[in-house]
1. May I ask which residue of Q641, P619, N604 lies farthest towards the positive end of the charge dipole of the range 559-681, with charges of +1 (Lys, Arg) and -1 (Asp, Glu) on Cβ and the Cα centre as origin?
2. Tell me which residues come under 5 Å, amide H to amide H, from S599 once H is placed; ignore anything under 5 positions away on its chain.
3. Output the Kirkwood hydrodynamic radius of the range 1-138, Cα pairs only, in Å rounded to one decimal.
4. Return the tail of the calculated pair distribution for the range 622-694, meaning the percent of Cα-Cα pairs more than 17 Å apart.
5. I'd like the Karplus ³J(HN,Hα) series for the range 651-665: coefficients 6.51, -1.76, 1.60, θ = phi - 60°, whole numbers in Hz, and an x wherever there's a Gly or Pro.
6. According to the Cα gyration tensor, what semi-axes, each the square root of 5 times an eigenvalue, does the equivalent ellipsoid of the range 447-528 have, listed from largest to smallest in whole Å?
7. If the reach is capped at under 26 angstrom between alpha carbons, list the lysines near K166, excluding any in the same chain fewer than eight residues apart.
8. Taking square-rooted eigenvalues a ≥ b ≥ c of the alpha carbon gyration tensor, is the range 307-357 rounded, prolate or oblate, where a/c under 1.5 means rounded and, failing that, a/b exceeding b/c means prolate?
Amino acid sequence: MSGQAPTGSIAFLGGYEPRLCGIATFTHDLCEAVSTAAPSAQCITGAVNDRPEGYRYPPRVRFELQEKDLDSYRRAADFLNFNNVDVLCVQHEFGIYGGAAGSHLLALLKEVRMPVVTTLHTVLREPNLEQRKVMEELAMRSDRLVVMARKGAEILRETYGVPEAKVDIIPHGIPDIAFSDSAVYKAQFGVEGRVVLLTFGLLGPGKGIEHAIEALPAIVKEHPNVVYLVLGATHPHLVAREGERYRLSLERLAEDRGVKDHVIFYNRFVSLEDLKEFIGATDIYLTPYLNEAQITSGTLAYVFGAGKAVVSTPYWHAQELLADGRGTLVPFRNPKAIADAVCDYLNHPDRFEVTRRQAHQYGREMIWPAVAQRYLEAFQHARADRKAAPRTAFAGWTLASRPYDLPPVRLDHLVRMSDHTGIFQHAIFNVPNYHEGYCTDDNARAFILCNLLADLGATPPGENLDHLASSYLAFLAAALNRDTGRFRNFMSHGRQWLEDCGSEDSHGRALWALGNGAGHSRNEGRRRLCVQLFEIGLPAVLNFTSPRAIAFTLLGIHEYLRNHPTCPKAGKVRETLTNWLVTLWKDCADENWPWFESSATYDNARLSQALILSGRWMPHPEALQIGLNSLRWLASIQRTQGGHFRPIGSNGFYVKEGARADFDQQPVEAQAMVSACLEAYHATQDSTWFSEARRAFEWFLGRNDLNLPLYDSSNGGCGDGLHVDRVNENQGAESTLAFLLALAEMKWAQSPLTHLLLSPT
């Protein structure tokens, strides 16, 4: 050891460049980032040597210790104490310190007098006895612990009993790489015009690269221009034990599988600047690692933050980083899944681009300047904790999850389609079609949308939802024939009713909207009118035979009972209608056709949604289970092998023992699936249902059979359907409202208050 650390210094302990390992790179980058973020602080480093001769370290390294020399740890403690270092930041990995499970480090920690902040690069959920003892001691002697993923904090709490208030979650730092087109970088590597797959980092058997190579034949068959670049030197410890056996086995495998012309091995430990160039040339990054219990991956963080699409096995860090559509997870040791995921990105450029942008945007929280600030805060907390008891204010110190990115609400087209009478049914392109007039179905949907947006506080600036809501409700009031208790449906542009009695479905939708208004409207006059109309129109439903009319009515009864929970009539009708749907299911469903009817036609998911909702809140366990089972089947037959949503087409629907129609796909089907799956998610708290809702929602945005968006981002309108070769460019009311309702429901599902408002208590 040489020199003295100035007063007010921060010391970092770990490996350090030019040592070739991930911890050395991390320690170097963290030290430099903190030094830049706090120029008045004196940042010094202690380097752990894994070889007797050490390394030619830069001046930043002020002391060294030998990995297996216990006394060198004590000497390092003496150096830190003597020089009055303010804070010690330890990089912990069991393998870089000497002794059983790296226990030599404890000799240093027992003797240092300054606050200690320890970054845990590995957190074992099932440690052996030695590892557990070391970790418990390490936790006790550290003032604060830093983990890079929520999973790490969870394991610390559940496995080691570490208080949450002692743990900071700070992401792995990454360089700030601009979002760019990979084509800009490919020429310098001679891969212009090719799709580049990349894996980089120190090579070793745990990386699972053999499974990526096994996936290549299937990928190349579909995309012959793919090249897989394996970048990085074999881990020096592995080379010392067995040479390049692993790398050679990968090269032989590539040759055996006939893809040697599609694999490039670059056996170098590249500099950061070179690495940026390689990342820039990358299209898809692969991390086929084999161990779930990997709590962090610096290589994954680097490429993810640069805005690259990632296909990864579900080790813990990948599960968190790639959640919410920011990447694709595949099972361990599954080449077919890797091939399918890669081809899915390449076959769906819209999804590929969305994933990239989501990753890059999320990665802005991980760039080194941001991470350095987080560490400086942790250091300040450690000093405060050393002087006083830990404060509960920091008990929830975690990184917030990025909510699923949703488009903004735009009502331009909705307003254009509406007048003082209500909303027009149809449009020619984005122009209202007066000739087709109005209908109760669409005004009911529009009124529900107004109430939902009001609850969300999601009205765009300058829009008058109050005026729109009054117009739509006025239409429903005029539609009700009070003498018969039935709603009419179609009205001409000249405000003439075109029928004496509408369909059962339109009646059910009207009751749904009125129940929604009775339960949600913030305007007392509208709320009271909704109650009045609802009570007049409800009895007629008891004679209906349309399953969808029954389902719509059940949805309306649920909303009505929010403000009228003791209404005996509504409660009795709900019980009758629920049992009717249950009976319908029992009479028709079998193992291969778990459905309510002998055909699946339109607005299918509403049947499942109605039973899930009623079954949960009555409660009626059998109804709830039928709702979930039927929805599970419906989701399975509307999910393609590529993973996107494909609703049953209206050009023939799906008859039992027949072939389902794939086109024309209707927006109301996607919206119904969004609603039903979110209801299933609220009922079960199973995140799979939220994923299914998102899958259906993304159909609007272009994750569909044609990779074409139906949603018009310029005005909030939505095309009338997806044909076999194009989007129907007419933006009618039903389709536009389907999108806007789905969007509002997705926003509602992500609201912090949702779980409270949906609680049965």
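1. P619
2. K656
3. Working: mean 1/r = 0.0668 Å⁻¹.
Its Kirkwood hydrodynamic radius stands at 15.0 Å.
4. Of the Cα pairs, 44 percent sit more than 17 Å apart.
5. 8, x, 6, 9, 9, 3, 6, x, 8, 6, 7, 8, 9, 7, 8
6. Working: eigenvalues 123, 41, 22 Å².
In descending order, the three semi-axes are 25, 14, 10 Å.
7. Those lysines meeting the cut-off are K110, K133, K151, K387.
8. oblate
No value in this document is a laboratory result; all are computed from the given coordinates. Note that the structure is a prediction, hence the values are computed from the model and not measured. Methodologically, a virtual Cβ is constructed for each residue, glycine included, from the backbone with ideal geometry; neighbour enumeration extends over all protein chains shown.
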